[in-house]
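Just so you know, all these numbers are worked out from the coordinates, no wet-lab data involved. Keep in mind that this is a model prediction, so the values were computed, not measured. Quick reminder, even Gly has a Cβ in these numbers, built from the backbone with ideal geometry, and neighbours come from all protein chains shown.
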Amino acid sequence: MSSTNNPFDFQGYYLGQTTIALSPSDFLLGPIKATEKLLQKFNLKLNDIEAIELNEAFASQAILFQNYFKLDDIKLNAYGGALAFGHPYGATGGILISRLLNRLNQVQKPCLGIATLCVAGGMGISVLIGNHWYQK
C-alpha cells in the first residue's frame, strides 16, 4: 500500500519486459529463459530483485525455476501461487502484478520485482516492476 493506505493510490512502475520463444515441448523453461533475458537487458542480478511472482502452471515448473536460480522460499511466491489460490483463466498477468506490487510495497523502500509466466506453445514472459518508492 502507499503512504495513504488508499488502495487506489499509485502502486508502482512498469519498467520493461522480455518475451522469448522456445520449442513447444520446452514451454516450462519459458519463465527461466525470459527472466535471464530480462536481468541481462537491465544489467541486473537476482540479488537486485526483492521478490518474484511466478505463475505456477505446474508444480514441477515452480520447482524447476526455484532450483535453477537457487532462490530462497521467501523470494519466490512467498504467499503461495496459482496452485494454492487458483485463478480465473485469462487473469494470470493481472493477478501476478497485483501480488507483486503488494509484496514490494510492504518493503517500504525502493525495490524491484519480477512477474513471470510460461505461455502454451513455448513462450515465456518476464516483467520488471519497481515499487511505489522506486525512482525511474
About its Cα centre, what dipole magnitude does the chain give when the only charges are +1 on Lys and Arg Cβ and -1 on Asp and Glu Cβ, stated in debye to the nearest 20? 260 debye
For mean projected area of the Cα convex hull in nm² the list reads (1) 9.0; (2) 7.1; (3) 8.0; the calculated value is entry (3)
Tell me the Rg and the Dmax, in Å, that the Cα atoms of segment 60-136 produce. 13.0, 38
On a full-extension model of 0.36 nm per residue, what is the gain between Leu15 and Lys45, subtracting their alpha-carbon distance, rounded to one decimal in nm? 9.2 nm
Given contacts defined as C-alpha pairs under 8 Å and at least six residues apart, what's the relative contact order of the chain, whole-number percent? 43 percent
Name the chymotrypsin sites (Phe, Trp or Tyr not before Pro) in segment 14-119 that are in a loop by DSSP and that have at most 16 other C-beta atoms within 10 Å, would you? Phe42, Phe58, Tyr79, Tyr89
Full extension between Asp72 and Tyr134 adds, at 0.36 nm per residue less the Cα distance, a length in nm of 20.0 nm
In segment 1-102, with Lys and Arg counted as +1 and Asp and Glu as -1 at Cβ, which of these residues, Tyr68, Tyr89, Thr19, has the Cα nearest the positive end of the dipole, that is, farthest along it? Thr19
Calculated from DSSP H runs of 4 or more alone, at -39500 (n - 2.57) each and per residue, what is the 222 nm mean residue ellipticity of the chain, nearest 500? -9000 deg cm²/dmol
